[in-house]
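Here's the structure, in structure tokens; my notes come after.
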Amino acid sequence: MSTEHVWLRYLPGLVAAMGGTAIITWAPPPRRIAFTVLATLLGLFCMEAEYWLAFGFPKSEVTFFVFVVVITLAALAVRNLGAMLLGLAGLLFFSYVNLRYGAPYLLDYVMPVLYALLLAWSRRALGWTGRGIWKASRPEVLAVTALQVLAAWRTTDLAKWGWLAGRHWR
């Protein structure tokens, strides 16, 4: 991809961020958790589009992508517990990947926020909250904030920010 079309690299991340925000904002209150699961599904499709823009069609990712879509749809079927488990799995996955490989994609920063929201809201719906630090959304806010800071540090450490400016970092 030439540097004159660098802005195209941001489109999937922007679609996921703005689309996810719209989906969650316009969700009827009793369906907010289900709509947040759908926002993560939109993010997964956008993530594949982001990889496609960066490297071409990621044939090696197809099996993983289908697996994650099936897990996401299963979380919808299992409702609040499924959403909580999906939020936890998504947050742990992005923690591992972003800290292991760096996070030069916009969606590496958007998706953990969606999964943290899903985890916080489903914990509250299940009544799995406590006092102090364990109150719903406090651990998720701390986790996602720490992850974002550490992912930015790791991306800098691995010198992967060049992708955002149109350079290839592989």
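The values are calculated or read from the model by the stated rules, or taken from the named source; none is laboratory data. All figures in this text were calculated on a predicted structure; none of them were measured in a lab. Virtual Cβ from ideal backbone geometry, glycine too; neighbours counted across all protein chains shown.
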Of these, L38, L73, which one is of a type in the set (A, V, I, L, M) and more than 13 Å from L114 (Cα to Cα)? L73
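What number of residues within the range 37-83 are outside any helix (DSSP H, G or I) and either under 25 Å from L14 (Cβ atoms) or under 14 Å from the mean Cα position of the chain (by Cα) (or both)? Walk me through it before giving the result.
In the first step, residues of the range 37-83 are kept if they are outside any helix (DSSP H, G or I); the result is 56-58, 79.
Filter once more, keeping what is either under 25 Å from L14 (Cβ atoms) or under 14 Å from the mean Cα position of the chain (by Cα) (or both): 56-58.
So the answer is 3.
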Identify the single condition in (1) surrounded by 21 or more Cβ atoms within 10 Å (Cβ to Cβ); (2) touching a residue at least 40 places away in the same chain (Cβ under 8 Å); (3) within 13 Å of the chain's Cα centre (by Cα) that E140 does not satisfy, given that it satisfies every other one. (3)
If we keep only residues of the range 157-170 that are closer than 18 Å to L107 by Cβ and part of a helix (DSSP H, G or I), then the residue modelled with the highest pLDDT is W161
If I filter the range 18-27 for residues that are within 25 Å of T155 (Cα to Cα), at pLDDT below 95 and exposed (fewer than 14 other Cβ atoms within 10 Å of the Cβ), do I get at least one hit? no
All conditions in (1) at positive phi; (2) touching a Leu at 6+ places or on another chain (Cβ under 8 Å) are true of G56 except (2)
Filter result (under 16 Å from C46 (Cβ atoms) and either touching a residue at least 40 places away in the same chain (Cβ under 8 Å) or of a type in the set (A, V, I, L, M, F, W, C) (or both)) within the range 67-92: V68, V69, G90
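Here is a list: A103, A89. Which entry is part of a loop (DSSP other than H, G, I, E, B) and among the small types (G, A, S)? Step through it out loud before you land on a result.
Numbers: A89 fails: part of a loop (DSSP other than H, G, I, E, B).
Answer to the selection: A103.
Which of the residues spanning the range 90-137 are of a type in the set (G, A, S) and either crowded, with 17+ Cβ neighbours inside 10 Å or touching a Lys or Arg at 6+ places or on another chain (Cβ under 9 Å) (or both)?
Taking the range 90-137 as the starting set, the residues that turn out to be of a type in the set (G, A, S) are 90, 95, 102-103, 116, 120, 122, 125, 127, 130, 132, 136-137.
Listed by number, the residues that qualify are G90, S95, G102, A103, A116, A120, S122, A125, G132, A136, S137.
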Would you confirm whether any residue within the range 15-36 is small (G, A, S), over 20 Å from L88 (Cβ atoms) and not in a helix (DSSP H, G or I)? yes
